[in-house]
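Below you'll find the structure, written out as structure tokens, and then a few comments.
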Amino acid sequence: MKYFKNTELAKLYKVSEKSVRNWIEAAQKGKLELQLFEHNGKYFIANTLKNATIIEQLVERGKKYKNKRGFRVVSPTKKFYRIYNTKQILSIISSLSIHNEVPTEYTYFGDGAKFWDEYSWKVYKESSPNLLNRTIELLNISLDNLVRLIGDRHKVNVIDLGPGNGLPIRPVLEHLQKSNKLQKYIAVDLSEEMLNILERNIKEWFGGKVAFEGRIQNFTYQRFDDLLIDDYARDDKETPINLVFALGGTLDNFRHPEQVLQTINSSMGINDLFIYAGCLDTPHTRRYFDFDTSGVSNKLAPMDRMLVDLLGIEESLYDVQLEFNEEQRIRSISILPKIDLSIQFDFANGSRYVELRKGRPILLWRYWHKDTIEIINEFDQNEFDILQATKSADLHYLLLISKVKTKYN
């Protein structure tokens, strides 16, 4: 490419197109040493290493002289650096810089785990339909079929991906433990705080009768088959069946659910079962945004606001957007900065900056809406065979039981 379009440069360096035009005019007047390229009577900035160096200097200079009323530098709190390690902070920086979103999995760290625990107990006690009580209902309905699919195997392992505080999986564990089929319960999550809450609940509910293992791991891209390598080394008749659960609609919170499905598929054995539960696309579920535990109406619920606060972004600096995007069929919660913001992340060897533009949404949470056929097709395309599909009586929620496809399925 010999030159940049103005729109391309503006996007690349996160500046306005007016700034790019000003650079071109200054270069034409001899005030800047930028090399220009003429095309069809119009002038553009040439794609050269020298131009790139000059533009980077112009951008940095512009940051220093921005009007403070229309621009603010903010810094993460000390608590932020205590909660997240360097690798996790770099992941947050990358997600904000490239995708303009906060990684969902990091909202369950620190106080976020406590907020989710409180929220789960709140909806668990509600009589009105919600994803938690409908998931438990669908699991109870499906237990007999799950036992049939397990067959005469003596033992099973339960692998819970993004387990929360354990409320959804509890009835399954109770059934397997009472029938003496449960070998161990393995919970996989990035948040140590969430796993600690879960372990406490498992000990309280089962009094040490359930062998619990918490694994800090990002199952969105890290395979978890290594957790069960000792079992696979046994004779086939003695190898436990692994029941892999992804409940609470967790899959559809991620930017690319199909990539997560591929990781899960590649982690499973030929006899293992995958159990998924989530929302279906209905007018009821499109309206649902309640993640609050306070009983009052807040702009952002504590859990949604937790990481925003840790990043040092004050509530006065943004508006909140609750949206259902008809075209993409995504339900989302975002913040819209009222002014341009620059987040300064400090490391031992220097600082990194993330620029947030005024009015450009920063995504905090999403849910992909799909109907039954779309979900089944998604599983099929990612090499899963559906063994059971069950809807709730109100038709708002779905549970699937599947296994990996083999050559001879």
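Skip the ligands, DNA and RNA, and give the accessible area per residue of the chain with a 1.4 Å probe, whole Å².
50
Restricting attention to the alpha-carbon atoms of the chain, what are Rg (one decimal) and Dmax (integer), both in Å?
Final numbers for Rg and Dmax: 25.2, 84 Å.
Where the only charges are on Cβ atoms (+1 Lys, Arg; -1 Asp, Glu), what is the dipole of segment 287-409 about its Cα centre, to the nearest 20 debye?
Taking the Cα centre of segment 287-409 as origin, the dipole is about 220 debye.
Taking amide hydrogens as modeled 1.01 Å from N in the peptide plane, which residues meet the under 5 Å criterion relative to VAL74, leaving out close sequence neighbours?
For VAL74, whose amide H was placed from the backbone, the distant partners under 5 Å are SER342, ILE343, GLN344.
Probe 1.4 Å, all protein chains in place: accessible area of LYS5 in Å², nearest 10?
The value for LYS5 is about 110 Å².
List, in the order given, every pair from LYS29/LYS50; LYS122/LYS184; LYS122/LYS358; LYS18/LYS42; LYS14/LYS299; LYS78/LYS114 whose Cα-Cα distance in the structure shown is over 26 Å.
Where the Cα-Cα span goes over 26 Å, the pairs concerned are LYS122/LYS184; LYS122/LYS358; LYS14/LYS299.
So what are the three principal axis dimensions of segment 316-387 from its Cα atoms, in whole Å, longest to shortest?
52, 32, 15
For every helix of n ≥ 4 consecutive DSSP H residues, a contribution of -39,500 (n - 2.57) applies; sum these over the chain, divide by its total residues, and give [θ] at 222 nm rounded to the nearest 500 deg cm²/dmol.
Calculated at 222 nm, the ellipticity per residue is -11000 deg cm²/dmol.
Stretched out fully, how many nm does the piece from ASN140 to GLU374 gain, at 0.36 nm a residue minus the Cα gap?
Result for the pair: 81.8 nm of gain on full extension.
All other residues with a Cβ under 12 Å from the Cβ of ARG134 taken together, and with Lys, Arg as +1 and Asp, Glu as -1, what is their net charge?
The answer is -2.
If I fit a long axis through the Cα atoms of helix 372-381 and take the longest principal axis of the Cα atoms of the chain, what angle between them do I get, 0 to 90°, rounded to 10?
80
Explain nothing, just the number: relative contact order of the chain, from Cα pairs under 8 Å at least 6 residues apart, as a whole percent.
Averaging sequence separation for qualifying contacts and normalising by length gives 18 percent for the chain.
Taking the Cα atoms only, what angle lies between the long axis of helix 192-206 and the longest principal axis of the chain, rounded to 10 degrees?
Between helix and principal axis, roughly 20 degrees.
To the nearest 20 debye, what is the magnitude of the charge dipole of the chain about its Cα centre, counting +1 on the Cβ of each Lys and Arg and -1 on the Cβ of each Asp and Glu?
Magnitude of the dipole: close to 1760 debye.
Roughly how tilted is helix 86-99, in degrees to the nearest 10 and between 0 and 90, from the longest Cα axis of the chain?
For helix 86-99, the angle is close to 70 degrees.
Got a number for carbon plus sulfur as a percent of segment 169-215's accessible area, 1.4 Å probe?
Accessible surface attributable to carbon and sulfur in segment 169-215 totals 40 percent.
For ILE54, what is the net charge nearby, where nearby means another residue's Cβ is under 13 Å from its Cβ and Lys, Arg count +1, Asp, Glu -1?
Value of the local net charge: 0.
From zero outward in steps of 10 Å, how is the percent of C-alpha pairs of segment 1-143 spread across the bins?
With a bin width of 10 Å, the distribution comes to 9, 24, 20, 18, 12, 10, 6, 1.
Excluding GLU192 itself, what net charge comes from residues whose Cβ is under 11 Å from its Cβ, given Lys and Arg +1 and Asp and Glu -1?
-2
Could you rank the peptides 150-163, 308-321, 102-115, 205-218 by their average count of other C-beta atoms within 10 Å per residue, with the highest value first?
Answer by packing, highest mean first, reads 102-115, 150-163, 308-321, 205-218.
At 1.4 Å probe size, with the rest of the protein present, what percent of the exposed accessible area of segment 312-352 is carbon and sulfur atoms?
39
Determine ³J(HN,Hα), in whole Hz, for all residues of segment 103-114 in sequence, where each value follows from phi through the Karplus function 6.51 cos²θ - 1.76 cosθ + 1.60 and θ = phi - 60°; x replaces Gly and Pro.
Karplus-based 3J(HN,Hα) across segment 103-114 equals x, 3, 5, 7, 7, 9, 8, x, 5, x, 5, 5 Hz.
The values are calculated or read from the model by the stated rules, or taken from the named source; none is laboratory data. These figures come from a predicted structure and were not determined experimentally. Virtual Cβ from ideal backbone geometry, glycine too; neighbours counted across all protein chains shown. What goes into the accessible areas is simple: the full protein's heavy atoms, side chains included, and nothing from ligands, DNA or RNA. Shrake-Rupley method; radii C 1.70, N 1.55, O 1.52, S 1.80 Å.
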